[in-house]
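J.: One structure coming up, written as structure tokens, with questions to follow.
What follows is calculated from the coordinates using simple rules that are stated; it is not laboratory data. In this text, all values refer to a predicted model and were calculated from it rather than measured experimentally. Backbone-built Cβ (ideal geometry, glycine too); neighbour counts: all protein chains shown.
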Amino acid sequence: MKRYCYYCDKDVEYTVKEELIHDNIEGVEYSFVAKLAYCNGCGKEIYIAELDDENIRNANAEYKKKAGLTS
Ligand SMILES: [Zn+2]
């Protein structure tokens, strides 16, 4: 499966890496594992909507846990 890379200006093969992200919302610190895609050609991060959606869901879930909120 290929995705468009802005830097290479073409569809490229990419590699998904998991990275632990630390963030802070209104003083509540939390961390979550984000999936980030990197172009195999130039090594730059590329945007993939499905991964972004998943990252946001994970971030929200971890934030709610830390903030003591139930969803
Ligand atoms: Zn590229």
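J.: Please report the relative contact order for the chain, taking Cα pairs under 8 Å with a sequence separation of at least 6, and give it as a percent rounded to a whole number. Write down the numbers at each step before the final one.
T.: Values: 106 pairs, mean separation 19.4, N = 71.
After rounding, I find 27 percent.
J.: Distance in nm between label sites at T15 and E29, each 7 Å beyond Cα in the beta-carbon direction?
T.: Simple spin-label model gives 3.0 nm for this pair.
J.: Tell me the Kirkwood hydrodynamic radius of segment 3-67 in angstroms, computed as one over the mean inverse distance between distinct C-alpha pairs. Let's see the in-between values first.
T.: Working: mean 1/r = 0.0781 Å⁻¹.
The answer is 12.8 Å.
J.: Could you pull out the longest piece of the chain with no exposed loop trypsin sites (Lys or Arg not before Pro) in it, calling a site exposed if DSSP puts it outside H, G, I, E, B and it has at most 16 other Cβ atoms within 10 Å?
T.: Working: sites that count: K2, K44.
Looking at the chain, 3-43 is the longest stretch - no exposed trypsin sites (Lys or Arg not before Pro) with at most 16 other Cβ atoms within 10 Å.
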